[in-house]
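Novice: Before I ask anything, here is the structure I am working with.
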Protein chains: 2
Amino acid sequence: MNRQELIAQIKKKKSVLCVGLDTDLSRIPKHLLATEDPIFEFNKAIIDATNSYAVAYKPNLAFYEAEGLAGWKSLEKTIEYLNAYYPDLFSIADAKRGDIGNTGKRYAQAFFNRLNFDSITVAPYMGRDSIEPFLGYPSKWAIVLALTSNPGGADFQLQKLASSNSLYQEVLAQTSSWASEEEMMYVVGATKSEFLIEIRKQIPNHFLLVPGVGAQGGSVADVMEHGQGSKDIGLLINSSRGVIYASEGADFADAAGQEAKKLQEQMAIYL
Amino acid sequence: MNRQELIAQIKKKKSVLCVGLDTDLSRIPKHLLATEDPIFEFNKAIIDATNSYAVAYKPNLAFYEAEGLAGWKSLEKTIEYLNAYYPDLFSIADAKRGDIGNTGKRYAQAFFNRLNFDSITVAPYMGRDSIEPFLGYPSKWAIVLALTSNPGGADFQLQKLASSNSLYQEVLAQTSSWASEEEMMYVVGATKSEFLIEIRKQIPNHFLLVPGVGAQGGSVADVMEHGQGSKDIGLLINSSRGVIYASEGADFADAAGQEAKKLQEQMAIYL
């Protein structure tokens, strides 16, 4: 999906909501465990119930890998379902990959060619040749970790460099020179919304993927106010557990739909 | 595998060789493509032919993920084969994972519990709570990226901090305070062997996993001379393409065995 298509969908739905599919067999409703593929059945029901309010879906790879072969199969079925039934939705493989060039190419092959995700999250520690393998695919995106929402985000990302930048600012400065805003986005944690103003001075137009709303404590209003780009919105706000585990009962999908709707309504005020 | 067992095996074989299983369908001998699981058949033959000269094996996850479900199955079969037939060999999931705590736990579940690898490579950018999920498993290891062998390794890892450390030194300083040398190792690229002396001043005892020998240009002699710890060797030197693709013909396994033997003999001089 290209930038224009993503922006058009955001404007149409008045939503920047990304639903994180951190699907965990120990937390999904018990009646689904009797089905052949509980993870896929859960994801399918969540997507069906929330897609009017969301513009993107983000399976978190760890939850699928934790279930081995069966988990990888659930992941394949989930992205196939999204692409077949909801081709207007933006898909994110939250995989945080990053390795040398010949290895990075294989990750790009896995997530862009084979699974056909629109985008993948990537870690910048190994530098330019670890990110370039994800560039140059038409309508595909690399989403680079800049400033993350977890407590450990401060350990290295906020280290001051001799150049007076923080490390995450250096990551923004360098990586944004490697690719345009048409194929690169950044992960910026919502629990750091005081940083959004600074980040928007540095990269006014790139899309930001903002996790950390809900279970991790960030506020949608703060992010909508300070995180939008100088044009075309430029935001995706992720909620995972707050939406998908809104209820543990048979009404889980309806409850997820209601939560997604609430978030969409908070977003619409600013759109 | 714990530290004492790894050291004992190194001393017995007079080798610190790790064979990287970057198994690529486009490079393995053509006759294997007719088998039910070419990647596993290739790995099995390589392991059988090289295990007298090697102490560790390192499947590179990207190459398995690039083949989808079939690739994940080949990975499962490879680690099962290693654990069943060669329980004295150290296994490394070269996955370079790193995410927030609840996600990191799932990656640890995937690689330590389900696949039963001895260790996994992890990226430090997201800080302490992204690495801690891999700690506290008896006889399991987190192998943290410190200074990598690719050209982009310099982009961020060599940035000077206001504190006068380079970023990779800050990573060593902080992460080495989170866990002992019994459960943490570091990735240090062989193409940066001039840095080994500095690194050994900072962390004299931790094991280093040194890739970049062979195809990437590093020298075994340099690493053996400057990379050993103050006690108990503390080194694993990886070669991937140089060993496993020594021949593209029917003799591929023998050729890999010969290359592994050559490397082992270079290592034995220093052990």
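Novice: Restricting to bridges with both residues inside chain A, how much of the DSSP beta-bridge set is antiparallel, in percent to the nearest 5?
Specialist: Counting only bridges with both partners in chain A, antiparallel ones make up about 5 percent.
Novice: Nm distances between the label at B:E36 and the same-position labels in the remaining copies, 7 Å along Cα→Cβ, shortest first?
Specialist: Relative to the other copies, B:E36 has label-point distances of 2.1 nm.
Novice: Quick check: net charge around A:F252, other residues with Cβ under 13 Å of its Cβ, Lys/Arg +1 and Asp/Glu -1?
Specialist: Every neighbour counted, the sum reads -3.
Novice: Convert each backbone phi in the stretch A:241-258 into a coupling constant with the Karplus relation 6.51 cos²θ - 1.76 cosθ + 1.60 (shift: θ = phi - 60°), then list the ³J(HN,Hα) values in order as whole Hz, x for Gly and Pro.
Specialist: 4, x, 8, 6, 10, 4, 9, 9, x, 5, 8, 4, 5, 4, 4, 5, x, 5
Novice: Still on this structure, please answer the following. Where is the GNM fluctuation largest for chain A (alpha-carbon springs, 10 angstrom cutoff): A:D155, A:D129, A:D88?
Specialist: Answer for the Gaussian network model of chain A: A:D155.
Novice: If you don't mind, there's one more thing I want to ask. The stretch A:69-105 to the stretch B:134-187: how many Å between their Cα centroids?
Specialist: 29
Novice: A:N113 to A:S177: FRET efficiency via 1/(1 + (r/R0)^6), r the Cβ-Cβ distance, R0 25 Å, to the nearest 0.05?
Specialist: That pair, A:N113 with A:S177, gives E of 0.40.
Novice: Mean residue ellipticity at 222 nm from the helices of the protein assembly as shown, using -39,500 (n - 2.57) per DSSP H segment of n ≥ 4 over the full residue count, to the nearest 500 deg cm²/dmol?
Specialist: Values: 24 runs with 218 residues, N = 542.
After summing the helix terms and dividing by the residues of the protein assembly as shown, the value is -11500 deg cm²/dmol.
Novice: Would you please calculate the Kirkwood hydrodynamic radius of the protein assembly as shown over all C-alpha pairs and express it in Å, rounded to one decimal?
Specialist: Here the Kirkwood hydrodynamic radius works out to 23.7 Å.
Novice: So for the protein assembly as shown: antiparallel DSSP bridges make up what percent, rounded to the nearest 5? Don't skip to the answer; put the middle values down first.
Specialist: Numbers: 3 of 61 bridges.
So the antiparallel bridges in the protein assembly as shown amount to around 5 percent.
Novice: List the residues of the stretch B:44-70 whose backbone N lies under 17 Å from a point placed 7 Å from the Cα of A:K105 along the Cα-to-Cβ direction.
Specialist: What the label zone holds, given the 17 Å backbone N cut-off, is B:60-67.
Novice: Next question. Return the long-range amide H neighbours of B:G98 (sequence gap of 5 or more, or a different chain), with a cut-off of under 5 Å between placed amide H atoms.
Specialist: Distant-sequence amide H within range of B:G98: B:A123.
Novice: May I ask you to derive the FRET efficiency for A:E194 and B:A250 from their Cβ-Cβ distance with R0 = 60 Å, giving the value to the nearest 0.05?
Specialist: Between A:E194 and B:A250 the formula returns 0.40.
Novice: Going by the alpha-carbon gyration tensor, a ≥ b ≥ c the square roots of its eigenvalues, is the stretch B:3-112 rounded (a/c under 1.5) or, if a/c is not under 1.5, prolate (a/b greater than b/c) versus oblate? Working shown, then result.
Specialist: Working: a/c = 2.11, a/b = 1.04, b/c = 2.02.
It is oblate, given that a/c is not under 1.5 and a/b is not larger than b/c.
Novice: The stretch A:206-262 to the stretch B:234-251: how many Å between their Cα centroids?
Specialist: Taking the Cα centre of the stretch B:234-251 as reference, the centre of the stretch A:206-262 is 47 Å away.
Novice: List the residues, sorted by chain then number, that are 5 or more residues from A:S166 or on another chain and whose placed amide H is less than 5 Å from its amide H.
Specialist: Here A:L161 satisfy the definition.
Novice: Excluding the sites themselves, what is the longest stretch of chain B that contains no GluC sites (Glu not before Pro) in a DSSP loop with at most 14 other C-beta atoms within 10 Å? Could you put the intermediate results ahead of the total?
Specialist: Numbers: sites that count: B:E36, B:E182, B:E248.
With GluC sites (Glu not before Pro) excluded where exposed in loops, chain B gives B:37-181 as its longest stretch.
Novice: Using the Karplus equation 6.51 cos²θ - 1.76 cosθ + 1.60 (θ = phi - 60°), what ³J(HN,Hα) coupling, rounded to whole Hz, does each residue of the stretch A:150-164 give in order, writing x for Gly and Pro?
Specialist: Here the 3J(HN,Hα) series is 7, x, x, x, 6, 4, 10, 4, 9, 4, 7, 8, 4, 6, 5 Hz.
Novice: Please determine, in degrees from 0 to 90 and to the nearest 10, the orientation of helix B:3-13 with respect to the longest principal axis defined by the Cα atoms of chain B, where the helix direction is its Cα long axis.
Specialist: It is inclined by approximately 50 degrees.
Novice: Apply the Kirkwood formula to the stretch A:95-156: the hydrodynamic radius equals the inverse of the mean of 1/r over all pairs of different alpha-carbon atoms; give it in Å with one decimal.
Specialist: This gives a value of 12.0 Å.
Novice: Count neighbours as other Cβ atoms within 10 Å of each site's Cβ, and list the trypsin sites (Lys or Arg not before Pro) in the stretch B:200-239 that are DSSP loop with at most 15 such neighbours.
Specialist: Passing both the DSSP loop test and the Cβ count: B:K231.
Novice: Name the most mobile residue of B:A162, B:A255, B:A221, meaning the one with the largest mean-square fluctuation, in a Gaussian network model of chain B with Cα contacts below 10 Å.
Specialist: B:A162
Novice: Quick one: what are the phi-derived ³J(HN,Hα) couplings along the stretch A:109-116, Karplus 6.51/-1.76/1.60 with θ = phi - 60°, whole Hz, x for glycine and proline?
Specialist: With coefficients 6.51, -1.76 and 1.60, one gets 4, 4, 8, 8, 7, 6, 7, 6 Hz.
Novice: For A:G20, what residues show an amide H to amide H distance below 5 Å, using hydrogens built from the backbone and excluding near sequence neighbours?
Specialist: A:K58, A:S239, A:S240
Novice: Round to the nearest 10 and give me the degree value, 0 to 90, for the angle of helix B:38-50's Cα axis relative to the longest principal axis of chain B.
Specialist: 80
Novice: Remind me, relative contact order of the stretch A:3-268 in percent, using alpha carbon pairs under 8 angstrom and six or more residues apart?
Specialist: 21
Novice: So, one more: Any chance you could give the angle, 0 to 90 degrees and rounded to 10, that helix B:68-85 forms with the longest Cα principal axis of chain B?
Specialist: 90
Novice: Inter-copy label distances at B:K12, 7 Å along the Cα→beta-carbon direction, one decimal in nm, shortest first?
Specialist: The answer, with the shortest distance listed first, is 6.4 nm.
Novice: Label points 7 Å out from Cα along the Cβ direction at A:N205 and A:A70: separation in nm?
Specialist: Between A:N205 and A:A70, the simple spin-label model gives 4.8 nm.
Novice: Let me ask something else about it. Rounded to the nearest 5, what is the percent of antiparallel bridges among the DSSP beta bridges in the stretch B:154-244?
Specialist: 10
Novice: Still on this model: For chain B, set up a GNM with springs between Cα atoms under 10 Å and report which of B:A84, B:A62, B:A246 has the largest fluctuation.
Specialist: With Cα springs under 10 Å in chain B, the top fluctuation among B:A84, B:A62, B:A246 is at B:A84.
Novice: B:S52 label points, 7 Å along Cα→Cβ, one per copy: pairwise distances from this copy to the rest in nm, shortest first?
Specialist: List, nearest first: 7.1 nm.
Every number in this text was worked out from the coordinates using simple rules, so none of it is lab data. Since the model is a prediction, treat every value here as computed from it, not as a measurement. Neighbour counts are summed over all protein chains in view; Cβ atoms, including those assigned to glycine, are modelled from backbone coordinates with ideal geometry.
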